[in-house]
Amino acid sequence: MKLQDVYDARQRLAGITHLTSLEHSHTFSRIADAEIWLKCENQQKTGSFKVRGAYNKIKKSVLTNNVKCVVASSAGNHAQGVAYAARELGPEAYIVMPLATPIAKISATESYGAKVILSGECYDDAYNKAMSIVKEKDAEFIHPFDDGDVIAGQGTVALELLEQMPDLDAVIVPAGGGGLLAGIAYTIKQIAPKIKVYGVQGERADAVKRSFIQKKRISTDSVYTIADGIAVKNPGLLTTGLINKYADDVLTVTDDEIAATIIQLLERAKQVVEPAGATSLALALNKKIPELRGKKVACVLSGGNIDVGFIHKIIERGLVSRGRQMQFSVILTDKPGSLESFSRIMALQQANIISVQYDRVSAELSLNETILHIACEVSGFEHGKKLIENLKQSGFHILFDR
């Protein structure tokens, strides 16, 4: 791979992809103790950076090899990137998705004109089916990350960053298979090697981090994270080599940190960002890189295609992790007035009850007792702590709280 490949990719993408904004945030800067800038790839065409690599790869293949058919296996952003690029450039497109893919993602991909085929229970099954279609149709497979032309396309994000803010100190980049991180790290280190490049993964989907530490490709047996866009067991061989050579470090964030960051982006920046895209800012806000204190840091918000059917779960998790929502259980004497007394204290403490569940059959209860399982909204951890203290001082027995 050469730097010229990235410049060539930018030429192919001219007039196709958006020059996404680089926005400064005073709020996030204060929280992170650094100057935080948001690279808004969540506002990119098709909703993520993936269209850069897909379009660059397909256009080059059309121009040099007269490719008539392309195939991809993906249940996410890569599918839409390939479908869009194929529609614009002419080849027939087949996208293989696992059977459990949400209908919204299938519809979004089909809306760009691709033929969607559902096959298998996981990505590996879909990949195997895609390979059979490649042979059947004499098509070209468009890999989501482990391809030089795809990586070069993703590297155009770095060219934009360097032009938008030449005096950046660091960039934080989400990493799954590693295409975006490899492209950005390689490009920045060729042009401005003093700028630090950090990758970020979900805590329980950390194959790229492990590969970076051991300086060879490491696969994981399983992945579990709400950031499904970067939940990859097997990073690429090409991407691993580039990341291990050019990135400065790869770190992780927890699902709670990701969920809390999604809420902060909604509330403070009015930005809709999917879990994978929020990992970069989550890393900065949780101050996991102490040397960035006071530095100018760009966080790449890599995508905004959040599943509407899943967003309420993420928001609820984020509210709990930020102390804005709490759950606890309280024992009441099963007699008239007990609930009224409890409710009065909740009202006086300005806690908003979301749900109440009665339990009269727990082994922990005497015959005249009942348990209330409470979920409520509070303003933060201190407010929640004060609420529990007041309930205890008023004689209520709190079994547990969180």
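The values are calculated or read from the model by the stated rules, or taken from the named source; none is laboratory data. Everything numeric in this text was worked out from a predicted model, so none of it was measured. Methodologically, a virtual Cβ is constructed for each residue, glycine included, from the backbone with ideal geometry; neighbour enumeration extends over all protein chains shown.
Here are some notes:
- Any hit, the stretch 344-366, residues being out of contact with any helix residue (DSSP H, G or I) (no Cβ under 6 Å at 6 or more places or on another chain), closer than 23 Å to A32 by Cα and not assigned by TED's automatic domain parsing to the domain that holds G178: no
- Of the residues N56, N77, the single one that is at pLDDT below 95 and either in contact with a helix residue (DSSP H, G or I) (Cβ under 7 Å, 6 or more places away or on another chain) or of a type outside the set (D, E, K, R) (or both) is N77.
- Identity of the residue in the stretch 253-302, among the charged types (D, E, K, R), free of Cβ contacts under 8 Å to residues at least 40 places away in the same chain and in a loop (DSSP other than H, G, I, E, B), that ends up farthest from T46 (Cα to Cα): K288
- Residues in the stretch 284-337 that are modelled with pLDDT of 85 or more and polar (S, T, N, Q) were compared, and the one that is surrounded by the most Cβ atoms within 10 Å (Cβ to Cβ) is S302.
- Wholly within the stretch 1-120, strands (runs of 3 or more DSSP E) carrying at least 2 residues that are over 25 Å from T279 (Cα atoms): 69-73, 92-97, 115-118
- Top-ranked residue in the stretch 352-398 [being hydrophobic (A, V, I, L, M, F, W, C) and at pLDDT below 85; ranked as surrounded by the most Cβ atoms within 10 Å (Cβ to Cβ)]: L365
One line per residue, one yes/no per condition, for (1) closer than 20 Å to G90 by Cβ; (2) surrounded by fewer than 24 Cβ atoms within 10 Å (Cβ to Cβ); (3) among the basic types (K, R):
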{"residue": "K2", "(1), (2), (3)": "no, yes, yes"}
{"residue": "D5", "(1), (2), (3)": "no, yes, no"}
{"residue": "L13", "(1), (2), (3)": "yes, yes, no"}
{"residue": "T20", "(1), (2), (3)": "no, yes, no"}
{"residue": "H24", "(1), (2), (3)": "no, yes, no"}
{"residue": "I31", "(1), (2), (3)": "no, yes, no"}
{"residue": "E41", "(1), (2), (3)": "no, no, no"}
{"residue": "S61", "(1), (2), (3)": "yes, yes, no"}
{"residue": "K68", "(1), (2), (3)": "yes, yes, yes"}
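- Single condition I103 does not satisfy, out of (1) more than 24 Å from A182 (Cβ to Cβ); (2) without any contact (Cβ under 8 Å) to a residue 40 or more places away in the chain; (3) aliphatic (A, V, I, L, M); (4) surrounded by 15 or more Cβ atoms within 10 Å (Cβ to Cβ): (4)
- Within the set A227, A260, the sole residue that is farther than 27 Å from H18 by Cα, surrounded by 23 or more Cβ atoms within 10 Å (Cβ to Cβ), modelled with pLDDT under 95 and not basic (K, R) turns out to be A260.
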